[in-house]
Each structure stands twice: as C-alpha cells, then as structure tokens.
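The next block holds one structure in the form of structure tokens; read it before the comments.
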Amino acid sequence: MKNALHITSSARGDQSHSTRLSAAVVRKLIGKNEISTLVERDLTKNPPPFFDQAMIGVFYKHPATIDEEERQLLAYADTIFQEVSNADIIVIATPIHNFGISAPLKAWIDQLIRFGVTYDYNSEGVRTGRLNHKKIYLAIASGGSLTEWPNSYEFIESYTKAVFNSYVGMTDICTFRVEGTAANNFTVDYEQIIQGL
Ligand SMILES: Cc1cc2nc3c(=O)[nH]c(=O)nc-3n(C[C@H](O)[C@H](O)[C@H](O)COP(=O)(O)O)c2cc1C
C-alpha cells in the first residue's frame, strides 16, 4: 500500500475532463488496494507563486547557504517538495492550453525543481535526480486530437518526461488522454481510457 499525491490543474472544476480522468485513475488504484493515503492538491485553488528576482536567487543557492529570511521565499517550494517526497505515486492532471501544460502546473513544476534538492551533480559532474522509484500517472485533456497535428506538436507528455527524468529522477511515467472534448455533445468513458491500468 502506497501514498499518493493527486495534482489537478484545470480551472473548470467538476467540468474538467483532465480532473475527471485523473480521479478515475485514483479511484482505480484505490480499488486495487495500491493506495493507502491520498493527498489532493488543486493548483487552481491555491496557485503556486511565480518566480520573482529574489526567489530565483534563492533557488540557485546551495541549500546549506540559505539563511532564515531567504527560507521564507521557499515556503511553497518546501511544502510541495515534502508532498512529492512523501508520495510513492503522483497522479497529475492537465488540460492542453495552447499546446502546453496548464499555467498553474508549470508554476508548480518550477517550484518543485531545485538544484541540491530534486537534483544534484555527482563527482563526475553528471546530473542526477534525487527522488527516484516513484510512479507518475499523467492525465491529459484536449479539445482536439493529436492526430490533427504533426507528431512534433506533442509537447505535454514529452515535456513531462524530460523534466521529471532530468531534474527529479522519476522515469516511470504512464500517460492517459481524453481527446476531442471540444466536439459537440462530447461524451467519454473514463474507465475505458484507463482499462489497461
Ligand atoms: C486557453 C485555452 C487553450 C486551449 N488550447 C488547446 C490546444 O492547444 N489544443 C487543444 O487540443 N485544445 C486546446 N484547448 C481545449 C482544452 O484542451 C479542452 O477544453 C480540455 O478539455 C481542457 O481540459 P479540462 O477539461 O481538464 O479543463 C484550449 C482551451 C483553452 C481554454
């Protein structure tokens, strides 16, 4: 039995397909007794801060050199780092907005990733992620469909894999998609999308 963190990032509340799809993933994992505790974080209710100049300065300092005043700029980052550290499974929901992930999710990732915290360099100078052995489920909702665009226009799954592999150390990422939500009278069976889970 594992700890799970459920991150949602659509402003559309209970109308959100990405939230519904990710909730179906969480329900299924609970049904399979793979989750024992669940932390829910709706990034649209309590949005992550954006970087400002002072915060960027602290993010690039080695943790051992940060003083008390600077530490306060890391309050959100420290909180979500603890949440991610405590989780074995992370379920992330995002709409596609202009080919990218949602803005709150991008801000959350920017707050999570930190030199000396989520990644470091070993004695050979090779960058290594420090939060290993965790599983990510990614739930993506889009008004259109990937088949409408060149393959090179897929940015969400590829970005998520790149950023979590390189700067966090998480390599086990499983993606589910609900596509075509902009169609008239759109209906979807979320359970069917995740049937392989
Ligand atoms: C600002 C904005 C930008 C969007 N950009 C795209 C896009 O680039 N590609 C696409 O397929 N759908 C796009 N859509 C449609 C959403 O992806 C679609 O409504 C999806 O269901 C949103 O996820 P949600 O239901 O979880 O909110 C966009 C919607 C909005 C509001």
Would you point out which residue out of F81, F155 is of a type outside the set (K, R), open to solvent by 20 Å² or more (accessible area, probe 1.4 Å) and touching a Leu at 6+ places or on another chain (Cβ under 8 Å)?
F81
Just checking, does region 84-96 include any residue being of a type in the set (G, A, S), in a loop (DSSP other than H, G, I, E, B) and at pLDDT below 95?
no
I need the strands (runs of 3 or more DSSP E) fully contained in region 99-197, keeping only those with at least 1 residues that are more than 27 Å from T65 (Cα to Cα).
135-142, 172-179
Tell me, please, whether a residue that is within 23 Å of D172 (Cα to Cα), of a type in the set (S, T, N, Q) and away from the ligand (no atom under 14 Å from the Cβ) can be found in region 83-99.
yes
Suppose we filter E157, E179 for residues that are of a type in the set (D, E) and within 12 Å of the ligand (Cβ to nearest atom); which single one remains?
E179
With respect to P104, is the statement that it is of a type outside the set (S, T, N, Q), over 18 Å from Y137 (Cβ atoms) and open to solvent by 50 Å² or more (accessible area, probe 1.4 Å) true?
no
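For every residue, the table says whether it meets (1) within 16 Å of the ligand (Cβ to nearest atom); (2) crowded, with 19+ Cβ neighbours inside 10 Å; (3) not small (G, A, S).
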{"site": "T8", "(1), (2), (3)": "yes, yes, yes"}
{"site": "S18", "(1), (2), (3)": "yes, yes, no"}
{"site": "S22", "(1), (2), (3)": "yes, yes, no"}
{"site": "V26", "(1), (2), (3)": "yes, yes, yes"}
{"site": "N33", "(1), (2), (3)": "no, no, yes"}
{"site": "L38", "(1), (2), (3)": "no, no, yes"}
{"site": "A54", "(1), (2), (3)": "no, no, no"}
V163 - would you say it is closer than 30 Å to Y60 by Cβ and either open to solvent by less than 20 Å² (accessible area, probe 1.4 Å) or in contact with a Leu (Cβ under 8 Å, 6 or more places away or on another chain) (or both)?
yes
So if I check each of A77, A64, which one is in a helix (DSSP H, G or I) and at pLDDT below 95?
A64
With respect to N3, is the statement that it is open to solvent by 90 Å² or more (accessible area, probe 1.4 Å), polar (S, T, N, Q) and either outside any helix (DSSP H, G or I) or farther than 16 Å from T94 by Cβ (or both) true?
no
If A23 meets every condition in (1) touching an Asp or Glu at 6+ places or on another chain (Cβ under 9 Å); (2) part of a helix (DSSP H, G or I); (3) not β-branched (V, I, T) apart from one, which number is that one?
(1)
What are the residues in region 99-151 that are in contact (Cβ under 8 Å) with a residue 60 or more places away in the chain and not polar (S, T, N, Q), if any?
I101, P104, L105, A107, W108, D110, Y137, A139, I140, A141
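The values are calculated or read from the model by the stated rules, or taken from the named source; none is laboratory data. Since the structure is predicted, the reported quantities are computational estimates derived from the model, not experimental observations. Cβ: placed from backbone, ideal geometry, glycine included. Neighbour counts: every protein chain shown. Heads up: the accessible areas ignore ligands, DNA and RNA and are worked out on the full protein's heavy atoms, side chains in. Shrake-Rupley method; radii C 1.70, N 1.55, O 1.52, S 1.80 Å.
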